[in-house]
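Structure first, then comments.
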Amino acid sequence: MAAITPDILGRLLDEHGAALVLFARQWCDSPEDVVQDALLKLASVTKRPRKPVAWLYRVVRNRAISVGRSERRRARRESAVARPEHAWFVPSDDRLDARDATDALRALPAEQREVIVARIWGGLTFDEIGRIAGCGRSTAHRRYAAGLDGLRERLGVRWVEQNTIRT
Amino acid sequence: MGGTEHDSNLNEIEQALASLRPAGPDINRDALMFRAGRAAAGAGFCLRIGTTVAVALLAALAGAGGMWLASPPSADRAGRVSVATPVLRVVELAPAAGATVRPARAPSSGEYLALRNRVLVDGADALPGLSPGSGPPPHDSAGDIWRDLRVQPLLPWTALLEERSTTS
């Protein structure tokens, strides 16, 4: 299979860039750099991966975990400097508040959070998620369901209230 | 029933989450494309260089192998040591013209004893074929043995004897 052309790279950035940044944000504070590195790596491979999107998620995950470790080491050395909090979502409609969703998602365990992000915003199958996360398909599905349960518990009250008020 | 309600709740929260859009990436698209082009060109250049080097190495190895096969074998290459000149030389005497070659026959005990007695009396000159100027008798059975093959040892002591006889 031929290498990635600039057109394909641009389309991948447009369609999956935001979700990839959200995915990388689960582990590190500089997700844009991680996604950019992954896209550059994809551009430099001579043989195009069979599933470029899943390949990107895998590379972003590995790179974000590595960068996150470095950031935590650096943060331990440098004393508490307030880092700016980036918004994970842009407000779309009134079904869910973006800040509440960010807080609820951030409170989830990491293995549930990565499955939810990869499934809902990345559009990956559970097979692909299992391969990326290093677990089986059923484990990925179980983590997904558990994560959604946790989000529903955290967001449920406000979400139901909003829906009730709206209806 | 409860399971269905639970699933519908999950689907609702799933749909609600999917309605949220992740914040747009703060990535400079033009800079990314420029760097991607450089990375792709660099990868292609490295691939071409690697291919060229590999082909050159293979060609050099093939040429060296061909030259090695075409060169004459040497002791080092064959892993063998040349053998010194043979110690014994076998001299085959040509049969006399018109004579028919007969297979050698072992002398009988009577002939052998007669030859032995002659040698004891006359010395080595009595041996058939060794006496100067006299060939072996044409039908002498003992002469057949000496006529067919004679073995000359080329040992150092024979050379010394020859030198001594010539100097004296």
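The values are calculated or read from the model by the stated rules, or taken from the named source; none is laboratory data. Not measured: the values here are computed from a predicted model. Cβ coordinates were reconstructed from backbone atoms using ideal geometry, including for glycine residues, and neighbour counts include every protein chain displayed.
Odds and ends about this structure:
- Residue ID - surrounded by the most Cβ atoms within 10 Å (Cβ to Cβ), chosen from residues in segment A:1-38 that are more than 10 Å from chain B (Cβ to nearest Cβ) and of a type in the set (A, V, I, L, M, F, W, C): A:VAL34
- Matching residues in segment A:1-16 - criterion: being part of a helix (DSSP H, G or I) and touching a Lys or Arg at 6+ places or on another chain (Cβ under 9 Å): A:ILE8, A:GLY10, A:LEU13, A:ASP14
- Being surrounded by 14 or more Cβ atoms within 10 Å (Cβ to Cβ) and at pLDDT below 95 is a description that applies to A:GLU71.
- For A:ALA54: the one exception among (1) in a helix (DSSP H, G or I); (2) facing chain B (nearest Cβ under 10 Å); (3) in contact with a helix residue (DSSP H, G or I) (Cβ under 8 Å, 6 or more places away or on another chain): (2)
- Helices (runs of 4 or more DSSP H) within segment B:1-97 that include 1 or more residues at pLDDT 80 or above and exposed (fewer than 13 other Cβ atoms within 10 Å of the Cβ): B:2-18, B:29-70
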